[in-house]
Amino acid sequence: MIPYLAYGSNLLTSRLAARCPSARVIGHAEIPGHSLDFSKRGRDGSAKATITQGDASTRGVLFEIEENDIPALDAAEGAGLHYEKIALVLEDGARAFTYRALQRRDGIAPFEWYLALIRAGRREHGLGLDDLAPVVPIPDPEPDRPGFIAAREALERAGYRDWRSAL
(Lines give C-alpha, C1' and ligand atoms only; values in the text may rest on other atoms or scores of the structure.)
Protein backbone atom coordinates (compact mmCIF):
# COMPACT_ATOMS: atom_id res chain seq x y z
CA MET A 1 0.00 0.00 0.00
CA ILE A 2 1.27 3.45 -0.96
CA PRO A 3 0.28 6.61 0.99
CA TYR A 4 -1.45 9.26 -1.16
CA LEU A 5 -2.51 12.67 0.09
CA ALA A 6 -5.69 14.11 -1.44
CA TYR A 7 -6.49 17.82 -1.12
CA GLY A 8 -8.87 18.49 -4.04
CA SER A 9 -11.66 16.53 -5.72
CA ASN A 10 -10.12 13.19 -4.67
CA LEU A 11 -10.99 14.04 -1.06
CA LEU A 12 -14.41 12.56 -1.74
CA THR A 13 -13.83 8.87 -1.08
CA SER A 14 -16.40 7.78 -3.68
CA ARG A 15 -14.57 9.79 -6.36
CA LEU A 16 -11.17 8.38 -5.46
CA ALA A 17 -12.57 4.83 -5.15
CA ALA A 18 -13.95 5.05 -8.71
CA ARG A 19 -10.37 5.68 -9.85
CA CYS A 20 -8.59 3.50 -7.28
CA PRO A 21 -10.79 0.75 -5.84
CA SER A 22 -8.16 -0.14 -3.23
CA ALA A 23 -8.18 3.35 -1.64
CA ARG A 24 -8.58 3.29 2.15
CA VAL A 25 -8.64 6.31 4.45
CA ILE A 26 -5.75 6.58 6.91
CA GLY A 27 -6.68 9.99 8.37
CA HIS A 28 -6.21 13.74 8.22
CA ALA A 29 -2.91 15.26 7.20
CA GLU A 30 -1.36 18.67 6.65
CA ILE A 31 0.83 19.59 3.69
CA PRO A 32 3.32 21.95 5.30
CA GLY A 33 4.63 24.86 3.24
CA HIS A 34 1.87 24.63 0.64
CA SER A 35 -1.37 26.56 0.19
CA LEU A 36 -4.41 25.51 -1.80
CA ASP A 37 -5.41 27.50 -4.85
CA PHE A 38 -7.43 27.12 -8.02
CA SER A 39 -4.91 28.19 -10.62
CA LYS A 40 -4.43 24.98 -12.58
CA ARG A 41 -6.22 25.15 -15.93
CA GLY A 42 -8.03 21.88 -16.55
CA ARG A 43 -8.45 20.14 -19.88
CA ASP A 44 -12.01 21.53 -19.87
CA GLY A 45 -10.77 25.13 -19.46
CA SER A 46 -11.94 25.51 -15.86
CA ALA A 47 -9.79 25.90 -12.76
CA LYS A 48 -8.68 22.86 -10.81
CA ALA A 49 -7.16 22.68 -7.34
CA THR A 50 -3.42 22.65 -6.85
CA ILE A 51 -0.97 23.41 -4.11
CA THR A 52 1.55 26.23 -4.21
CA GLN A 53 4.68 26.47 -2.11
CA GLY A 54 4.53 29.16 0.54
CA ASP A 55 4.20 29.76 4.26
CA ALA A 56 0.76 28.21 4.79
CA SER A 57 -0.23 24.59 5.10
CA THR A 58 -3.07 22.77 3.36
CA ARG A 59 -5.39 20.24 4.94
CA GLY A 60 -5.98 16.96 3.24
CA VAL A 61 -6.71 13.29 3.74
CA LEU A 62 -4.15 10.54 3.66
CA PHE A 63 -5.23 7.39 1.82
CA GLU A 64 -3.51 4.07 1.20
CA ILE A 65 -3.65 2.83 -2.38
CA GLU A 66 -2.42 -0.46 -3.82
CA GLU A 67 0.45 -0.01 -6.23
CA ASN A 68 -1.53 -1.48 -9.15
CA ASP A 69 -4.10 1.36 -8.82
CA ILE A 70 -1.51 4.14 -9.11
CA PRO A 71 -1.33 4.15 -12.96
CA ALA A 72 -5.09 4.85 -13.13
CA LEU A 73 -4.70 7.75 -10.69
CA ASP A 74 -1.70 9.08 -12.63
CA ALA A 75 -3.77 8.98 -15.83
CA ALA A 76 -6.76 10.72 -14.19
CA GLU A 77 -4.48 13.45 -12.84
CA GLY A 78 -2.52 13.85 -16.06
CA ALA A 79 0.75 13.07 -14.27
CA GLY A 80 3.70 14.36 -16.28
CA LEU A 81 1.48 16.47 -18.53
CA HIS A 82 -0.78 18.55 -16.27
CA TYR A 83 0.40 17.67 -12.78
CA GLU A 84 3.73 16.54 -11.41
CA LYS A 85 3.79 13.77 -8.86
CA ILE A 86 5.66 14.94 -5.77
CA ALA A 87 6.89 13.24 -2.61
CA LEU A 88 5.89 14.85 0.67
CA VAL A 89 7.14 14.65 4.21
CA LEU A 90 4.11 15.47 6.34
CA GLU A 91 4.09 17.35 9.64
CA ASP A 92 4.15 14.09 11.60
CA GLY A 93 7.11 12.81 9.56
CA ALA A 94 5.03 10.40 7.47
CA ARG A 95 5.71 10.20 3.75
CA ALA A 96 3.18 10.32 0.95
CA PHE A 97 2.80 11.45 -2.63
CA THR A 98 0.44 13.94 -4.19
CA TYR A 99 0.15 16.00 -7.36
CA ARG A 100 1.00 19.66 -8.04
CA ALA A 101 0.20 21.63 -11.18
CA LEU A 102 2.99 22.04 -13.68
CA GLN A 103 1.56 25.36 -14.90
CA ARG A 104 -0.66 27.94 -13.27
CA ARG A 105 -2.96 30.59 -14.65
CA ASP A 106 -4.68 33.45 -12.85
CA GLY A 107 -8.23 34.55 -13.54
CA ILE A 108 -9.90 31.17 -14.01
CA ALA A 109 -12.69 29.65 -11.91
CA PRO A 110 -13.71 26.07 -11.14
CA PHE A 111 -16.94 24.60 -12.40
CA GLU A 112 -19.66 24.26 -9.76
CA TRP A 113 -19.58 20.46 -9.90
CA TYR A 114 -15.83 20.42 -9.28
CA LEU A 115 -16.11 22.65 -6.21
CA ALA A 116 -19.05 20.48 -5.05
CA LEU A 117 -16.73 17.43 -5.08
CA ILE A 118 -14.19 19.22 -2.91
CA ARG A 119 -16.77 20.59 -0.49
CA ALA A 120 -18.40 17.15 -0.18
CA GLY A 121 -15.01 15.57 0.48
CA ARG A 122 -14.20 18.20 3.09
CA ARG A 123 -17.53 17.54 4.82
CA GLU A 124 -17.05 13.78 4.64
CA HIS A 125 -13.75 14.02 6.47
CA GLY A 126 -14.59 16.94 8.79
CA LEU A 127 -12.01 19.30 7.33
CA GLY A 128 -14.06 22.51 7.29
CA LEU A 129 -14.91 24.84 4.45
CA ASP A 130 -13.79 28.30 5.59
CA ASP A 131 -10.85 28.58 3.19
CA LEU A 132 -13.15 27.71 0.27
CA ALA A 133 -15.57 30.59 0.98
CA PRO A 134 -13.83 33.04 -1.40
CA VAL A 135 -13.87 30.53 -4.29
CA VAL A 136 -16.62 31.51 -6.73
CA PRO A 137 -17.45 28.67 -9.13
CA ILE A 138 -19.03 28.98 -12.56
CA PRO A 139 -21.70 26.79 -14.21
CA ASP A 140 -20.50 24.18 -16.68
CA PRO A 141 -22.06 24.98 -20.08
CA GLU A 142 -21.83 21.29 -21.06
CA PRO A 143 -24.00 19.15 -18.75
CA ASP A 144 -23.05 16.02 -20.73
CA ARG A 145 -19.32 16.55 -20.17
CA PRO A 146 -17.82 13.22 -18.99
CA GLY A 147 -16.21 14.90 -15.97
CA PHE A 148 -19.53 16.44 -14.96
CA ILE A 149 -21.29 13.08 -15.29
CA ALA A 150 -18.59 11.31 -13.24
CA ALA A 151 -18.83 14.03 -10.57
CA ARG A 152 -22.59 13.67 -10.30
CA GLU A 153 -22.23 9.89 -9.99
CA ALA A 154 -19.57 10.21 -7.25
CA LEU A 155 -21.71 12.70 -5.36
CA GLU A 156 -24.74 10.43 -5.66
CA ARG A 157 -22.72 7.47 -4.32
CA ALA A 158 -21.71 9.73 -1.41
CA GLY A 159 -25.37 10.32 -0.58
CA TYR A 160 -26.14 13.59 -2.37
CA ARG A 161 -29.48 13.32 -4.16
CA ASP A 162 -28.81 16.58 -5.98
CA TRP A 163 -25.16 17.40 -6.65
CA ARG A 164 -25.91 21.13 -6.10
CA SER A 165 -26.60 20.46 -2.42
CA ALA A 166 -22.86 19.77 -1.98
CA LEU A 167 -22.08 23.38 -2.89
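The values are calculated or read from the model by the stated rules, or taken from the named source; none is laboratory data. Bear in mind that the values here come from a model prediction, so they are computed numbers and not experimental data. With ideal geometry, Cβ positions are generated from the backbone for all residues, glycine too; neighbour counts draw on all protein chains shown. Quick note on the areas: whole protein, heavy atoms, side chains included, nothing else; ligands and nucleic acids left out. Shrake-Rupley method; radii C 1.70, N 1.55, O 1.52, S 1.80 Å.
Give the residues of the range 14-42 that are aliphatic (A, V, I, L, M) and part of a strand (DSSP E or B), sorted by residue number. Before the answer, list the steps.
Start the filter on the range 14-42 by keeping residues that are aliphatic (A, V, I, L, M), which leaves 16-18, 23, 25-26, 29, 31, 36.
Residues satisfying the conditions are 25, 26, 29, 31, 36.
Please work out if residue 91 is at pLDDT below 95 and closer than 19 Å to residue 56 by Cα. Outline the logic, then answer.
On the way: at pLDDT below 95: yes; closer than 19 Å to residue 56 by Cα: yes.
Here the answer is yes, as residue 91 does meet what is asked.
Please go through the range 43-102 and give me each residue that is part of a loop (DSSP other than H, G, I, E, B), out of contact with any helix residue (DSSP H, G or I) (no Cβ under 7 Å at 6 or more places or on another chain) and either free of Cβ contacts under 8 Å to residues at least 60 places away in the same chain or acidic (Asp, Glu) (or both), ordered by number. Steps first, please.
Filtering the range 43-102 for residues part of a loop (DSSP other than H, G, I, E, B) gives 43-46, 66, 78, 80-82, 90-94, 102.
Filter again for out of contact with any helix residue (DSSP H, G or I) (no Cβ under 7 Å at 6 or more places or on another chain), leaving 43, 45, 66, 78, 80-82, 90-94, 102.
Within the range 43-102, 43, 66, 78, 80, 81, 82, 91, 92, 93, 102 meet the criteria.
Could you list, in sequence order, the residues of the range 78-128 that are aliphatic (A, V, I, L, M), open to solvent by 50 Å² or more (accessible area, probe 1.4 Å) and over 24 Å from residue 66 (Cβ atoms)? Steps first, answer last, please.
Let us first name the residues in the range 78-128 that are aliphatic (A, V, I, L, M), namely 79, 81, 86-90, 94, 96, 101-102, 108-109, 115-118, 120, 127.
Of the ones still in play, those that are also open to solvent by 50 Å² or more (accessible area, probe 1.4 Å) are 81, 87, 89, 102.
Within the range 78-128, 102 is the sole residue that qualifies.
Residues checked against (1) in contact with a Phe, Trp or Tyr (Cβ under 8 Å, 6 or more places away or on another chain); (2) at pLDDT 95 or above:
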| position | (1), (2) |
| --- | --- |
| 23 | yes, yes |
| 35 | no, no |
| 38 | no, yes |
| 52 | no, no |
| 59 | yes, no |
| 69 | no, yes |
| 76 | no, no |
| 80 | no, no |
| 83 | yes, no |
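Of all residues in the range 23-43, which are open to solvent by less than 40 Å² (accessible area, probe 1.4 Å) and more than 22 Å from residue 126 (Cα to Cα)?
Scanning the range 23-43 gives 39, 40, 42.
Which of the residues that make up the range 47-62 are open to solvent by less than 10 Å² (accessible area, probe 1.4 Å), out of contact with any Gly (no Cβ under 8 Å at 6 or more places or on another chain) and of a type in the set (Ser, Thr, Tyr)?
Here is the first cut: in the range 47-62, the residues open to solvent by less than 10 Å² (accessible area, probe 1.4 Å) are 47, 49-51, 58, 60-61.
Okay, now just the ones that are also out of contact with any Gly (no Cβ under 8 Å at 6 or more places or on another chain), so 47, 51, 58, 60.
Correct list: 58 only.
List the number of the failed condition for residue 131; all other conditions in (1) without any contact (Cβ under 8 Å) to a residue 12 or more places away in the chain; (2) surrounded by 11 or more Cβ atoms within 10 Å (Cβ to Cβ); (3) among the acidic types (Asp, Glu) hold.
With respect to (1) without any contact (Cβ under 8 Å) to a residue 12 or more places away in the chain; (2) surrounded by 11 or more Cβ atoms within 10 Å (Cβ to Cβ); (3) among the acidic types (Asp, Glu), residue 131 is out only on (1).
Filter the range 10-21 down to the residues that are open to solvent by 10 Å² or more (accessible area, probe 1.4 Å) and not charged (D, E, K, R) and list them by number.
Looking only at the range 10-21, we keep the residues that are open to solvent by 10 Å² or more (accessible area, probe 1.4 Å), and these are 13-15, 17-19, 21.
Within the range 10-21, 13, 14, 17, 18, 21 meet the criteria.
Looking only at residues that are among the aliphatic types (A, V, I, L, M) and assigned to a loop (DSSP other than H, G, I, E, B) in the range 103-123, which one is farthest from the chain's Cα centre (by Cα)? Quick ask: steps written out before the conclusion?
Kept after step one, since they are among the aliphatic types (A, V, I, L, M), are these residues of the range 103-123: 108-109, 115-118, 120.
Retained after the next criterion (residues that are assigned to a loop (DSSP other than H, G, I, E, B)): 108-109.
Working: 108: 17, 109: 15 Å.
The extreme case among them is 108.
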